[in-house]
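The values are calculated or read from the model by the stated rules, or taken from the named source; none is laboratory data. Keep in mind that this is a model prediction, so the values were computed, not measured. Here the Cβ positions follow ideal geometry from the backbone for every residue, glycine too, while neighbour counts run over all protein chains shown. Ligands, DNA and RNA are stripped out before the accessible areas are found, and what is left, the full protein with its side chains, is counted by its heavy atoms. Shrake-Rupley method; radii C 1.70, N 1.55, O 1.52, S 1.80 Å.
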Amino acid sequence: MDVGRHPKINLLAYSEVEDISGYIGNFKVKVRKKARYVDEVECTSCDDCVDVCPVVVPKEHQLGLASRKAIYIPFPQAVPASYIIDEENCLGFNPIACGKCAEKCDKNCIDYDAKDEIVEFDVGSIIVASGLDVYDPTEFDEYGYTRFENVLTSMELEILTGPGGVTKGKLIRPTDRKVPKSIGFIQCVGSRCESRGTAYCSNICCMNTIKDTLLLREYYHDIDCKVFYMDIRAFGKGFEDFYRRSKALGVEYIRGIPGDIREDPKTKNLILSVENTTGNGIEEYELDMVVLSVGMVPRKDSNSINKLLTLQTTSDGLLMEVHPKLTPIDAPTAGVFFAGCCEAPKDIKDSVTQASGAAARAASILSKDKVKIPALTATVDDDLCKSCGICVKVCPYSAITIDMKAKEPAKIIEAACKGCGTCASECKFDAISMKHYNDAQIIAQIDAILEENPEEKVLVFACNWCSYPGADLVGISRMQYPTSSRIIRIMCTGRLDEKFILHALKLGAPIVLMSGCHPADCHYINASLKAQLRIEKLWNKLERKGIRPERVQFEWISASEVGKFVKTMEELEEFRKSVTKKEIEETKKILSKSKK
Amino acid sequence: MATESDFKCLRCGHWFKTNYEKNKPEERTCPKCGSNSVRPMPEKKK
Amino acid sequence: MSENVRIGVFVCECGTNIASTIDCDKLVEYAKSLPDVVFSIKNRYTCAEPGQQEIQKFIKEENLNRVVIASCTPKMHEPTFRNCVIDVGFNPYLVEMANIREHCSWVHHNEKSAANVKARDLVNSAVSRARFLEPQKELEVPVTHSALVIGGGIAGIQSALDLAESGFDVHLVEKEASIGGIMAQLNKTYPTID
Ligand code: SF4
Ligand SMILES: [Zn+2]
């Protein structure tokens, strides 16, 4: 791998992205480079420090069969090829207790006082390749993963038989360290399951097991391999051939997922009972070793990145692209692209393919000198602005400045404004307008929709990033819902001024829905919560006027929540039927009397 | 300061209690029907 | 707002995706009945080359200054149609779309008559909005010619290398002490065994 040495690549290992701001072409990034306590540039991996380190701890992912020191290298081919001190176990942070490695290191690479470093830089484009995690099958207690030593995960088998494994590639069973005579693979552990792990197929486990059986049969001719499966999914180029070879080598494929595993306390052999759906009902097998073919699950730490870049996920936790066919690797946030498993589980070939695609997409921006920013920003009418300063307070991006003393009108910093519309909605003097989503345009749409038979319609304001594409996905999925809904697109619920809702009620709308991104997914930091607050206030106002607050509703519907969208439309249609003509007429009367 | 307050779901009519802080909205969901249209009802009687 | 607004409405059948639920001929007639609409026509596929050429042609012939396209979601083809009109010197912000596919024909195919009423409302809404559209000029900002890649697994490494080889500076951020991700822990991998 020449990533570590490439002159154009600044490798920041053992680092975390702390903050990202800005926009396409101009992102500002802040990265925390965690202290390794070993100078990664100077370290020559001579190993002298390891010899003197007195602390021995079990090595990660080695089934307790191997150990390492508190100063260690994660694996032989690590990049950067440098040691690292494990903070938790090293004694050297107390100078009286230890300091052996620092004394020993000729190049003086070790510094117990090293601090985390904050690195800041600008970039024009971002590729998210944050990956997925390997599923931990502990909750599948019926397979005794934590109770029986001879039950391993497919990942553990990989490491055990890999070049970095303790056995240097030899397969042994943990309890007696002998080569097993029989081995069983259980497929789909943590995949395709509604209650545990993930509902999706993890894509790689079938082929990985087939590969394992081929390798095993090649090295240990007489090892008995059995695979317990639901379906074998061998859909790629050459994959079916692989599967056939495995079967030809005598690997037995049994269609059925074992209900449980028991252990023979004496031999430590494992007994599986399984309903063979192509055989004679319940069968029992005794095997030396069992491998749980585990799937891939979203990383627990992926939320922080998703939040920084306002990326949304499916209900399964996979990143949502703009369009599955037209722009499958583009994030909804302009200038951001996906590579690898964070978008969906995939094998190496597909990961590499997508990664090259993401690089090409990013390069299409980076190769330009300038990019255009959509003209969706706020503008101030200097004559109407009273310099009250409320817009400055509500703008999520601090994109507005006002000289309060000089009583000068508000100024919008165009490059910083993202166009959520919060200021326009909050301005009491109608002094702020949004380019391409101005009052006249939105009012015209409301008027048009409510021109005929308004009592039959459910007026919906949906935001551009979540609820509008969510409604699109309902269509793409061909789900059906009541025809009463009429959707008006706005960039963000932040744009939804109460005057639009009052206008609609005045024209006879039985019900108005505001629908947008869950506050945690809001594309404008916290604009959707500000919108929620405005609705809460509007409810009080309506009640004071004698209008049922129920007539105005809101719902947070993400781009993937098709079920929630349909359910909401069905419920609102039911509710609409309960709003009588008389009630609508009264509302109209009340609202045409009061001015504001 | 967050205190407990009454809330009313404007979708299904269900009343329940949860944390509330004036002018500090957060995402809330009706425990009965799952709607987000839940109205804070501090100092209000049923 | 009446600097002689001339709106053209292009109704797309999308093969049968829209046409099997929505009566597109009637929708064209309806569009023509709306104020300021001076022209309307239906296409089999508006987004295809002939459909786009038709838009360009009628912008010129009919002297249109607003274009409404009743078709699929703007999330899909708004960029397509914006680029299409730019080619004939038309401001892209004077194009409006009515989503009669994702928000109508696909989701109400069992209720044809109500779906047709809804399609009319959506066209009316788009036309009404179009009347108030204004030309916009997009802000141009300079681009920093470097990239951030988050994650040093096989995908991140490949992206970083491709970008670096294309001549861009890349910052590759990895959480663990070494790059390589899960791939680095694997023994041999399919579809080749190495
Ligand atoms: S539209 Fe949103 S981002 Fe722009 S100035 Fe107003 S509040 Fe700030
Ligand atoms: Zn409820």
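Laid out as a table, the results:
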quantity	calculated
Qualifying residue in the range A:238-251 (condition: touching a Lys or Arg at 6+ places or on another chain (Cβ under 6 Å) and assigned to a loop (DSSP other than H, G, I, E, B))	yes
Output for the range A:452-467, where each listed residue is open to solvent by less than 10 Å² (accessible area, probe 1.4 Å) and of a type in the set (Phe, Trp, Tyr)	A:PHE461
Filter result for the condition that a residue is facing chain C (nearest Cβ under 8 Å) and in a loop (DSSP other than H, G, I, E, B), over A:LYS428, A:LYS368, A:LYS405	A:LYS368
The range A:2-29, residues that are of a type in the set (A, V, I, L, M), more than 7 Å from chain C (Cβ to nearest Cβ) and not in a strand (DSSP E or B)	A:ILE24
Criterion: more than 16 Å from ligand 2 (Cβ to nearest atom), open to solvent by 10 Å² or more (accessible area, probe 1.4 Å) and facing chain C (nearest Cβ under 10 Å) - qualifying residue of A:ILE449, A:ILE443	A:ILE443
Options A:ARG32, A:ARG36; residue that is part of a strand (DSSP E or B) and at negative phi	A:ARG32
Filtered residues of the range A:473-502 (kept if open to solvent by 10 Å² or more (accessible area, probe 1.4 Å) and either in a helix (DSSP H, G or I) or within 16 Å of ligand 2 (Cβ to nearest atom) (or both))	A:LEU473, A:ILE476, A:GLU498, A:LYS499, A:LEU502
Residue among A:VAL189, A:VAL151, A:VAL179, A:VAL128 that alone is within 14 Å of chain C (Cβ to nearest Cβ) and in contact (Cβ under 8 Å) with a residue 24 or more places away in the chain	A:VAL128
Boolean, A:LEU91 is of a type outside the set (Ser, Thr, Tyr), in contact with a Leu (Cβ under 9 Å, 6 or more places away or on another chain) and open to solvent by 20 Å² or more (accessible area, probe 1.4 Å)	no
Out of A:ILE432, A:ILE442, sole residue that is within 23 Å of C:LEU122 (Cβ to Cβ) and of a type in the set (Val, Ile, Thr)	A:ILE442
All positions within the range C:147-170 that are open to solvent by less than 30 Å² (accessible area, probe 1.4 Å) and not in a helix (DSSP H, G or I)	C:ALA147, C:LEU148, C:VAL149, C:ILE150, C:GLY151, C:GLY152, C:GLY153, C:PHE168, C:VAL170
Residue, least open to solvent (accessible area, probe 1.4 Å), within the range A:1-38, restricted to residues that are closer than 15 Å to A:GLU117 by Cα and of a type in the set (Ser, Thr, Tyr)	A:SER15
Residue pairs meeting the criteria (Cβ under 6 Å; at least 6 apart or on separate chains; first away from chain A (no Cβ under 13 Å), in the range C:58-81; second open to solvent by less than 10 Å² (accessible area, probe 1.4 Å) and in a helix (DSSP H, G or I))	C:ILE69/C:PHE81; C:ALA70/C:VAL123
Residue satisfying all of: in the range B:15-30; part of a loop (DSSP other than H, G, I, E, B) and open to solvent by 50 Å² or more (accessible area, probe 1.4 Å); farthest from ligand 1 (Cβ to nearest atom) among these	B:THR29
Sole exception among (1) more than 11 Å from ligand 1 (Cβ to nearest atom); (2) open to solvent by 60 Å² or more (accessible area, probe 1.4 Å) for A:LYS393, by number	(1)
Residues (in a strand (DSSP E or B) and touching a helix residue (DSSP H, G or I) at 6+ places or on another chain (Cβ under 6 Å)) located in the range A:457-472	A:VAL458, A:LEU459, A:ALA462, A:CYS463
From the options A:LYS537, A:LYS545, residue that is out of contact with any helix residue (DSSP H, G or I) (no Cβ under 6 Å at 6 or more places or on another chain) and either open to solvent by 50 Å² or more (accessible area, probe 1.4 Å) or modelled with pLDDT of 95 or more (or both)	A:LYS537
Enumeration of residues in the range A:503-520 that are in a helix (DSSP H, G or I) and either without any contact (Cβ under 8 Å) to a residue 60 or more places away in the chain or crowded, with 22+ Cβ neighbours inside 10 Å (or both)	A:ALA504, A:LEU505, A:PRO519
